[in-house]
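Below: the structure, in structure tokens.
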Amino acid sequence: MEQKKSYKPLIALLCLLVCACGLYFFWQSRKPAVTEGAKAITIEVLDNEEKTTSYELHTDAEYLKGAMDELAAKDSTFKVEGSDGEYGFFIEAVNGITADFETDKAYWAIYVNDEYGQYGADQQPVNDGDVFRLAYEISTY
């Protein structure tokens, strides 16, 4: 008796591969655009006493983390500390002010052009004219 070949596993694998490729291209199309080359940006720090310090920077950095590192190297009054975690670079302290979520539910929020940031500092694109605000905030949750 002759056995029939089953193509079901091959078809399932092919469908899975097509779906994975489709999701990847969808994710790539939704990613924020990165501007290459020289950009003029502003980084504002709103500290725990609601005092704002503003810094102007000309940068080639593609992401906010790189721009903050450049600013810290150029201006001794700006300093950012943090750690890399599973969601990217986590800002823990700015200009010597530490936000400790475990102690007082404080954290450093990132605003981009007056809108709450949707990305971490190492994934937030930098575009010419952007205004970034690092704001010390207390969670209400």
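Yes or no, residue by residue, for (1) out of contact with any Pro (no Cβ under 8 Å at 6 or more places or on another chain); (2) of a type in the set (Lys, Arg); (3) exposed (fewer than 11 other Cβ atoms within 10 Å of the Cβ); (4) part of a strand (DSSP E or B):
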position	(1), (2), (3), (4)
67	yes, no, no, no
119	no, no, no, no
127	yes, no, no, no
137	yes, no, no, yes
140	yes, no, yes, no
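Please determine whether any residue of region 76-87 is of a type in the set (Phe, Trp, Tyr) and within 18 Å of the chain's Cα centre (by Cα).
Yes, because at least one residue in region 76-87 is of a type in the set (Phe, Trp, Tyr) and within 18 Å of the chain's Cα centre (by Cα).
So, in region 74-95, how many residues would count as being part of a loop (DSSP other than H, G, I, E, B) and of a type outside the set (S, T, N, Q)? Please lay out each step first, then the result.
Residues of region 74-95 that are part of a loop (DSSP other than H, G, I, E, B), as a first pass: 75-79, 86-87, 95.
Checking the rest, the ones that are also of a type outside the set (S, T, N, Q) come to 75, 78-79, 86-87.
Looking only at that region, the number is 5.
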- Residue tally, condition surrounded by 10 or more Cβ atoms within 10 Å (Cβ to Cβ), of a type in the set (Ser, Thr, Tyr) and either at pLDDT below 75 or assigned to a helix (DSSP H, G or I) (or both), over region 9-58: 2
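The values are calculated or read from the model by the stated rules, or taken from the named source; none is laboratory data. A quick note: this is a predicted structure, and the numbers were derived from the prediction, not measured. Every residue, glycine as well, gets a Cβ built from its backbone with ideal geometry; the counts of neighbours run over all protein chains shown.
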